[in-house]
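See below for the structure under consideration.
Please treat every number below as a calculation from the coordinates, not as lab data. Predicted, not measured: the structure shown is a model, and the values here were computed from it. Ideal geometry is used to build each Cβ from the backbone, glycine not excepted, and the neighbour counts take in all protein chains shown.
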Amino acid sequence: MANHEEIKAKINSLKTEINRHNYRYYVMDSPEVSDAEYDALMRELKGLEERYPQLVTADSPSQRIGAAPAEAFGVVEHPYPLLSLGNVFSKDELIAWYTRISKLLEVTQFGFVGEHKIDGLAVALTYVNRRLTTGATRGDGSHGEDITRNLRTIRSIPLSLPREAPPRLEVRGEVFLPKTGFHRLNQERAAEGQPLFANPRNAAAGSVRQLDSSITARRPLDIYIYMMGYAEGRATPATHWETMEYLQSLGFKVNPNNRRLADIEQVEGYYQTWKERQAELPYEADGIVVKVDQFDLQQRLGDVGREPRWAIAYKFPATQGTTLLRDIGINVGRTGTLNPVAILEPVTVGGVTIRQAALHNEDDIRRKDIRIGDNVIVQRAGGVIPEIIGPIESKRTGKEKEFSLKEKSREIYRAKRGLTKETKTPNNTICPECGTEAIKPEGEVMYYCSNAACPAQAQQRIEHFASRGAMDIRGIGESQSAMLLREGLVKDASDLYYLKDKKEQLIKLERMAEKNATNMLEAIEKSKERPLARLIFALGIRHAGEEMAEVLSREFHSIDKLADASREELLSIPTIGPKIADSVIAFFQEEENRRIIERMGEVGVRLGVRSAEVRAISNTTGDRSGQVWDLAEALAAVSRFTAAVFVR
């Protein structure tokens, strides 16, 4: 039996190794191990910490998962205020700012640093004895909220620092939600009838200000450190640029798009570059931040009010515009949702021409009192389809028409088939693509097409199945999935795994050729090894987003067990409510869905966790010390869907 010191040394070794892999993955974007290898290390650490709870420390990577709800946030006093930035909106205003500070400094030659002004939430992180002790919001600049527990869940924030770090250090950064995460979060909230976040900043702020830090842990938050607040006990660099390099060497995540700029003309060039490339950014940014590089010059310039003289925000053009709402159409989503979409008079917002915008649901249209023919305010944010904020009521003429999902769905269906208005159609809301009567479950805001063979759903489901957050099949996007369906090569997601027998037909498709076809087939083959949670998410079960897919994978270990789960079993899981339970049961009651899964299993798609993973999960979710599972026992626990998975 290992002694206490050996166990402590092993735990410290695991913590060091996992922290290094976290840094490589979340900060450097350059992982050194596979997900499975990382998971094995984390399971080993958690297993030891469960057996020796007295050795669990706050800086352990196992503590990022979130804790029980807190009663309230405490107040943190900032030793040095977190200041706000002044704004400029044109080159003339930038030059005016530069002229003012040049006169104050009595020099004209000095350097700058350009950074992106990310739309997130500013926080201050304090490390004492090289461990994260406090994380706080900006608040009023002098006092902020203590959100330490929530910030610990963000994997790009180091919980401890190397020995060369100062004994006491404060850094400041911007917590943000990437565009993809923001889009996904709003999709899930819309499907559940919850209010949508207006922009990524609101989403990030709402995420880190949860009283239940486990909610924060489930959201894909990230951070970029943008300055050092103060350091004690060790000398630090004399310029902002060198300080950021120094902080990066300590393990902090620094934006790779930051640039050292020699003069004000280079500042303008940096701004123009990112004004044009703003849409390419994985996060929302509304401008750049320009900082005088040398700290001695910053100190000489000082502050004015609540703003530093040595920094300025140079804002991008507005991301809102006004235009005419010409009509409201209906798109059918992958889960059958009937989604109203605004058809707009083209308008340029933030350098992008917008012709359509999201309207979410009929109740939302009525709440905002949006009518066909209105002049409306359009917002482009989060890298998603732009949305309508509301109408400009003062411009109404009286000719505007209220929207009816029922009438519009029947109108679109007739138009697609060349039918006259007199042609008899169901008297209720219908699917505009297939004509099936749409249903609206009690307590929900969306109408759904219940036809599993609806052609509109088929394309969206295949596209979702192949998407990056699901099975990650590169080379199958919107146009490819539409083409494969149109040419009759696939009818559902399971058909993707049988395309290898149709390679000659693939090669003949438009813009395909042999190389693209080979790459697509290799990506499909590789996707067979995706974890169970990714597959559950890829299947497109209503209300089962990425977070819920992880929960279902962890609780049931196989598609087979999940398919046979009762409502009571599902509701016994703390994070699952009636809506999700009913949705899971309804999905697996559809014979077509079971057929699709069985066909995937027949060609080797991974439909369950492996035996080693079952053993590890079991050992960490109950008192299983000394218990050993073998392959035969693991196989006995599963049946028709998953048996083939373990023997591969």
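For the reader, a short list of remarks on this structure follows.
- Computed lengthening from Glu590 to Asp296, 0.36 nm per intervening residue step minus Cα-Cα distance: 98.9 nm
- Here the chain is treated with +1 on each Lys and Arg Cβ and -1 on each Asp and Glu Cβ, and its dipole about the Cα centre works out to around 820 debye.
- Within a straight-line Cα-Cα reach of under 15 Å, Lys421 can be paired with the following aspartates and glutamates, leaving aside sequence neighbours fewer than 8 residues apart in one chain: Glu407, Glu411.
- Extension gain (nm, one decimal) between Arg599 and Asn202, 0.36 nm per residue minus Cα-Cα: 138.7 nm
- All lysines inside 16 Å of Lys528 as judged from Cα atoms, apart from same-chain residues fewer than 8 positions distant: Lys500
- For region 455-527, the gyration tensor built on C-alpha atoms gives an oblate shape. Its axis ratio a/c (a ≥ b ≥ c) is at least 1.5, and a/b is not larger than b/c.
- Region 106-144 versus region 1-21: alpha-carbon centroid distance in Å: 33 Å
- Loop-resident trypsin sites (Lys or Arg not before Pro) (DSSP state other than H, G, I, E or B) in region 260-311 with no more than 14 further Cβ atoms inside 10 Å of their Cβ: Arg277, Arg306.
- Extension gain for Ala40-Ile7 works out to 10.1 nm (0.36 nm per residue, less the C-alpha to C-alpha distance).
- Loop-located GluC sites (Glu not before Pro) in region 331-408 whose Cβ has at most 13 other Cβ within 10 Å (DSSP): Glu402
- Residues whose amide H lies under 5 Å from that of Lys253, counting only those 5 or more places away or on a different chain, are Ile225; hydrogens are built 1.01 Å from N in the peptide plane.
- DSSP-loop chymotrypsin sites (Phe, Trp or Tyr not before Pro) across region 460-531, with at most 13 other Cβ within 10 angstrom: none
- For the residue pairs Lys179/Lys253; Lys179/Lys395; Lys368/Lys440; Lys179/Lys561; Lys502/Lys561, alpha carbon separations beyond 27 Å are given by Lys179/Lys395; Lys179/Lys561; Lys502/Lys561.
- Rounded, prolate or oblate (a/c below 1.5 giving rounded, otherwise prolate when a/b exceeds b/c) for the chain by Cα gyration tensor: oblate
- Label point distance in nm, Glu245-Tyr80, each placed 7 Å from Cα along Cα→Cβ: 2.1 nm
- Report note on the peptides 523-534, 220-231: ranked by the mean count of other C-beta atoms within 10 Å, highest first, their order is 220-231, 523-534.
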